[in-house]
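Each remark here refers to the structure printed beneath this line.
Nothing in this text is a laboratory measurement; each read-out follows from the coordinates by a stated rule. Because the structure is predicted, anything quoted here is derived from the model rather than measured. Please note: Cβ atoms are built from the backbone with ideal geometry, for glycine as well, and neighbour counts cover all protein chains shown.
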Amino acid sequence: MDRADRLAAKLADRGLDGLLVTNLVNVRWLTGFSGSNGLALVGPAGQRLFLTDFRYLTQSAEQLDDGWAKEIAPEILAASAARVGPADGKVVRLGFDDASMSVKDHASLTSKLVEGVELVAAAGVVEDLRAIKDAGELDKIRAAAQLADAALTEVLGRGLAGRTERDVALDLEMTMRKAGAEAASFPPIIASGQHSALPHAEPRAVEIPKGTLVTIDWGAQLDGYASDCTRTYATGELDPRDREIYDLVLAAQLASLAAVKAGAGGREVDAVARDIITAAGHGEHFGHGLGHGVGAEVHEGPRLSQRSDSTLAPGQVVTVEPGVYVPGAVGVRIEDLAIVTDGEPEVLTGLSKDLQIIG
Ligand code: ZN
Ligand code: ZN
């Protein structure tokens, strides 16, 4: 079954007759189209329709296989509405992505639909399928992770202490691009000293001092797939308090990574790390979830957190990234990217987690 067939089967389970796929990441996953304006209509009755505007006439012909009927229209949403009608007088339940469609687009779509077509909120249908990667997707994520590892190794060779956080971030981004990445999968985080206590710190034009911790969170986007990793390094002899926090986060990371396997709950895996950090008195300093899925987007399902209702399944790719952030003092995060299997996870990050001094 190709992806559109798997989606159609899922729609039937949900009592939907069709789905309007408008989120471009989902459109790309489903059809292969990587342009900036396109939508796909799947079902009813085996219908596979792709719409884009005239700028993408050639690109869509190259990227989409013959299973898709292609149509060029100036207003693709309006044109899609004209392609859905009730069959045999029965009401058609047409799913749409309520998590990404704007209120304006929804109103315009509603006004164009013929009588007998009912719009049904159906966010997450494609995302649920995307959460489990096929072999080709796993290869792309492995390659993105390898590229990101190699780029950081090269950047660390130029040192950390005495450079600004911003300089290191730009260097890392440029090094990934030169190695073939389409982009950084998100702007790299380089956070040193007290600034490392901010989980999503923005790199500053401030020199990284000696004898401190530096958290580096980065990833590469390659061939439509993302990677995500975090390492924390020392720039010299550390305060014993910093060392202790590093060792705590590492212990929590190793234990929770070992708990990643098919059948484990997202909440359960999160609790493995959280219990270790809480027992050491730092529960309140670990304020985010343990991890998230990674694929076509750097943050996607499943979630590993206290509120997760996910159950891990083979072929999912997740991060395991506990952190301890002591406000005004220091922060440490260690993050690996891993493929869920029935046994031990396949860790895609190749960089050592032993605390290293990078001067
Ligand atoms: Zn990250
Ligand atoms: Zn992450």
Viscosity 1.002 mPa s, temperature 20 °C: what is the translational diffusion coefficient of the stretch 135-347 from Stokes-Einstein with a Kirkwood Rh over Cα pairs, rounded to a whole number of µm²/s? 125
Note to self: C-alpha centroids of the stretch 75-108 and the stretch 47-72 sit apart, in Å, by 19
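With all distinct Cα pairs included, what does the Kirkwood hydrodynamic radius of the stretch 233-350 come out to in Å, to one decimal, could you say? The partial results should precede the final answer.
On the way: mean 1/r = 0.0696 Å⁻¹.
Result for the stretch 233-350, one decimal place: 14.4 Å.
Evaluate E = 1/(1 + (r/R0)^6) for Ala107 and Ala73, where r is the Cβ-Cβ distance and R0 equals 25 Å; express this FRET efficiency to the nearest 0.05. Don't jump to the answer; show the numbers that get you there.
Values: r = 19 Å, r/R0 = 0.75.
Given R0 = 25 Å and the Cβ-Cβ separation, E is 0.85.
Which value, in Å³ per residue, describes the convex hull spanned by the Cα atoms of the stretch 3-130?
Dividing the Cα hull volume of the stretch 3-130 by its residues yields 94 Å³.
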Estimated dipole of the stretch 3-130 in Debye, rounded to 20 [Cβ of Lys and Arg +1, of Asp and Glu -1, Cα centre]: 100
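Give the order of Phe54, Phe286 when sorted by the count of other beta carbons within 10 angstrom, beginning with the fewest.
Working: Phe54 9, Phe286 23.
Final ranking by Cβ density, sparse to dense: Phe54, Phe286.
When the dipole is taken about the Cα centre of the chain, and only Lys, Arg (+1) and Asp, Glu (-1) are charged at their Cβ, what size is it in debye, to the nearest 20? List each step's numbers first, then the result.
Details: 34 positive and 52 negative charges, 74 e Å.
Result for the chain is approximately 360 debye, rounded to the nearest 20.
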Projected-area mean, the stretch 290-359, by convex hull of Cα positions, square nanometres: 6.6
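What FRET efficiency, computed as 1/(1 + (r/R0)^6) with R0 = 22 Å and r the Cβ-Cβ distance, is obtained for His200 and Thr278, rounded to the nearest 0.05? Walk me through the numbers before you get to the answer.
Numbers: r = 22 Å, r/R0 = 1.01.
My answer for the efficiency is 0.50.
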Give me the three principal axis extents of the stretch 95-217 from the C-alpha atoms, as integers in angstrom, largest value leading. 69, 34, 23
If His288, His200, His282 are placed from fewest to most neighbouring beta carbons inside 10 Å, the sequence is His200, His288, His282
For the chain, would you read off the P(r) tail past 32 Å as a percentage of all alpha carbon pairs? 40
Return Ile245, Ile141 ranked ascending by Cβ neighbour count within 10 Å, so the fewest neighbours appear first. Ile141, Ile245
